[in-house]
1. Pick out the one residue from Arg82, Arg86, Arg8 that is surrounded by fewer than 17 Cβ atoms within 10 Å (Cβ to Cβ), of a type in the set (Lys, Arg) and either more than 16 Å from ligand 2 (Cβ to nearest atom) or within 23 Å of the chain's Cα centre (by Cα) (or both).
2. Here is a list: Ser87, Ser67. Which entry is at pLDDT 95 or above, in the same structural domain as Ile221 (by TED's automatic domain parsing), among the polar types (S, T, N, Q) and under 26 Å from Ala205 (Cα atoms)?
3. Which one of these is outside any helix (DSSP H, G or I) and in contact (Cβ under 8 Å) with a residue 12 or more places away in the chain: Asn223, Asn189?
4. Kindly indicate which of Ala28, Ala17 is touching a Lys or Arg at 6+ places or on another chain (Cβ under 6 Å), farther than 22 Å from Ala6 by Cα and near ligand 1 (Cβ under 8 Å from one of its atoms).
5. Exactly one condition in (1) within 12 Å of ligand 1 (Cβ to nearest atom); (2) in contact with a helix residue (DSSP H, G or I) (Cβ under 6 Å, 6 or more places away or on another chain); (3) free of Cβ contacts under 8 Å to residues at least 24 places away in the same chain is not met by Leu45; state its number.
6. Which of (1) surrounded by 15 or more Cβ atoms within 10 Å (Cβ to Cβ); (2) among the β-branched types (Val, Ile, Thr); (3) out of contact with any helix residue (DSSP H, G or I) (no Cβ under 6 Å at 6 or more places or on another chain) does Val240 not meet, given it meets every other one?
Amino acid sequence: MTTPPAIRIDNLVKEYASPGPGEPPKLALKGVSFDVPQGGVFGLLGPNGAGKSTLINILAGLVRKTSGSAEIWGFDIDDNPRNAKRSIGIVPQEIVFDPFFTPFEVLENQGGFYGIGKKDRRSKDLLAAVHLSDKRDAYARTLSGGMKRRLLIAKAMVHSPPILVLDEPTAGVDVELRRQLWELVQELNSEGVTVVLTTHYLEEAEQLCDRIAIINHGELIANKPTKELVGMAREKIVSVSVDKDLGGPIMEEAFLKAEVVNERRLDITYDRDKASAGQVLALVQSHGYAIEDVTTREADLEDVFVQLTGAG
Ligand code: ADP
Ligand code: MG
């Protein structure tokens with residue numbers, strides 16, 4: 001038996017109404033389908049305006065889809081909205097808080113909202129989990145941006161959902177806080193929570209997610225394990241240092257590009273399906289140069305992204 005997916009999205013379409021006379025409606029999702037498997041960290045990657053928040057907000061029940069269907073933990077969002085909502089915790093892209101509540105009160109109120117009895121609430125544990133115990137009684141408005149984001153994560157986990165969704169958790173966040181948030185995500189995931197995060201940072205998706213779906217202009221253009229996606233980049237680069245000054249660029253049929261970096265260094269791009277690094281080096285040597293140093297660059301997600309979206 002196969003495990004059912006944490007989230008199933010089927011042919012999801014969202015058309016936003018025209019913002020005013022003479023302006024066309026906006027087709028933000030053009031029939032997107034994918035499953036989020038249970039237990040992993042799933043990245044929904046795409047540039048600004050791709051449709052990521054629209055998709056998340058449909059799951060959250062904040063935006064009405066135009067057509068298509070979605071299931072959360074097996075519950076259809078139309079047929080079983082209550083159970084669907086109970087199965088997911090969502091951290092929205094925008095930070096919104098009532099500034100006069102303390103972190104402890106924010107979590108208690110949210111517990112009340114979900115009908116969790118006072119003695120069953122986990123506010124204290126949740127504050128500890130997001131490293132905010134010492135801020136338990138501070139006003140939310142006095143928290144730093146990073147603390148607010150962590151409090152939002154705790155708030156999303158109040159009803160112990162099996163799925164946590166973070167919409168652009170690290171947009172506009174400094175390096176240190178980003179590291180903290182990544183750790184928190186990994187901690188929650190290791191405790192069994194299925195995590196979905198949207199991001200427009202390739203590096204973030206590559207480091208954090210075991211599976212990545214890419215959307216661009218409202219269309220799904222990839223959905224693969226991160227390793228496979230990164231492996232899709234066919235181009236490889238070898239940077240070669242030679243023993244004497246280069247007379248000029250060396251071009252060979254096997255090279256896609258040969259770029260002179262300085263008098264003695266050459267970056268050669270080749271198709272890894274058609275040539276090997278060894279062949280590339282042999283070709284350089286055949287021009288009468290001895291090789292003093294070699295570094296290769298593995299294709300990364302950015303290469304794939306550029307190939308798939310035609311951006312760059
Ligand atoms: P992302 O989160 O990937 O940056 P969004 O889902 O926010 O993308 O937006 C997708 C597209 O839908 C964009 O072109 C955006 O301008 C448009 N859009 C988003 N929200 C609305 C709205 N409430 N009304 C009209 N258009 C919207
Ligand atoms: Mg967004």
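The values are calculated or read from the model by the stated rules, or taken from the named source; none is laboratory data. None of these values were measured; they are calculated from a predicted model. Note that we place each Cβ from the backbone using ideal geometry, even for glycine, and neighbour counts take in every protein chain shown. The accessibility values were calculated without ligands, DNA or RNA, using every heavy atom of the protein model including side chains. Shrake-Rupley method; radii C 1.70, N 1.55, O 1.52, S 1.80 Å.
1. Numbers: Arg86 fails: surrounded by fewer than 17 Cβ atoms within 10 Å (Cβ to Cβ); Arg8 fails: surrounded by fewer than 17 Cβ atoms within 10 Å (Cβ to Cβ).
When all the criteria are applied, what remains is Arg82.
2. On the way: Ser67 fails: under 26 Å from Ala205 (Cα atoms).
Within the list Ser87, Ser67, the selection yields Ser87.
3. Values: Asn189 fails: outside any helix (DSSP H, G or I).
Answer to the check: Asn223.
4. Working: Ala17 fails: touching a Lys or Arg at 6+ places or on another chain (Cβ under 6 Å).
Step by step, each of Ala28, Ala17 is checked, and only Ala28 is touching a Lys or Arg at 6+ places or on another chain (Cβ under 6 Å), farther than 22 Å from Ala6 by Cα and near ligand 1 (Cβ under 8 Å from one of its atoms).
5. Leu45 satisfies all of (1) within 12 Å of ligand 1 (Cβ to nearest atom); (2) in contact with a helix residue (DSSP H, G or I) (Cβ under 6 Å, 6 or more places away or on another chain); (3) free of Cβ contacts under 8 Å to residues at least 24 places away in the same chain except (3).
6. Tallying (1) surrounded by 15 or more Cβ atoms within 10 Å (Cβ to Cβ); (2) among the β-branched types (Val, Ile, Thr); (3) out of contact with any helix residue (DSSP H, G or I) (no Cβ under 6 Å at 6 or more places or on another chain), Val240 fails exactly one: (3).
Conditions (1) assigned to a loop (DSSP other than H, G, I, E, B); (2) aliphatic (A, V, I, L, M); (3) open to solvent by less than 80 Å² (accessible area, probe 1.4 Å), marked per residue:
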residue	(1), (2), (3)
Leu246	yes, yes, yes
Asp273	yes, no, no
Ala282	no, yes, yes
His287	yes, no, no
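Okay, residues lined up against (1) within 28 Å of Val41 (Cα to Cα); (2) open to solvent by 60 Å² or more (accessible area, probe 1.4 Å); (3) of a type in the set (S, T, N, Q):
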site: Ser190; (1), (2), (3): yes, yes, yes
site: Ile214; (1), (2), (3): yes, no, no
site: Leu229; (1), (2), (3): yes, no, no
site: Glu259; (1), (2), (3): no, yes, no
site: Thr269; (1), (2), (3): no, no, yes
